[in-house]
Amino acid sequence: MFTVYAISSISRNYIYVGLTSNLENRLQRHNSGYERTTRPYSPFILIYQKEFSTRPQAREHEKFLKTSSGKRFLSNG
């Protein structure tokens, strides 16, 4: 299973969208500062997740969430 997720910075106005096969581990890496991209914005809370059976399906959804329409979808939560 593959999970597309969105996390929101607790301290700043920043949302990160990603894809993983191990969500718990990935969230821990974001919050621990292991990911260079998100390090300045930690800590995070999970605001969205959706599971897919194949990586290509998950990737398509991840790409959608990174568009302006996808960002609106996440903002309207």
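Given labels modelled 7 Å from the Cα in the Cβ direction, how far is it in nm from GLU60 to ASN76?
Once both label points are built, they end up 2.1 nm from each other.
Which parts of the stretch 30-66 would a label at ILE10 reach, counting a residue when its backbone N lies under 12 Å from a point 7 Å out along Cα-to-Cβ?
31-32, 42-46
Please list, or write none, the aspartates and glutamates whose alpha carbon is within less than 18 Å of the alpha carbon of LYS50, excluding same-chain residues fewer than 8 places away.
The qualifying aspartates and glutamates are GLU24, GLU60, GLU62.
Find the eigenvalues of the gyration tensor of the Cα atoms of the chain, then list the square roots of 5 times those eigenvalues as equivalent ellipsoid semi-axes, largest first, in whole angstrom.
19, 16, 9
Mind putting a number on the dipole of the chain about its Cα centre? Charges go on the C-beta only, +1 for Lys and Arg and -1 for Asp and Glu, and I need it in Debye to the nearest 20.
The dipole magnitude comes to about 240 debye.
Mind checking the full-extension length gain between SER53 and THR37? Use 0.36 nm per residue of separation minus the Cα-Cα distance, one decimal, nm.
Full-extension gain reported as 3.1 nm.
None of the figures in this text is laboratory data; all of them are computed from the coordinates on show. For clarity, every value in this text was computed on a predicted model and none was experimentally measured. Counting neighbours? That spans all protein chains shown, and the Cβs are built from the backbone with ideal geometry, glycine included.
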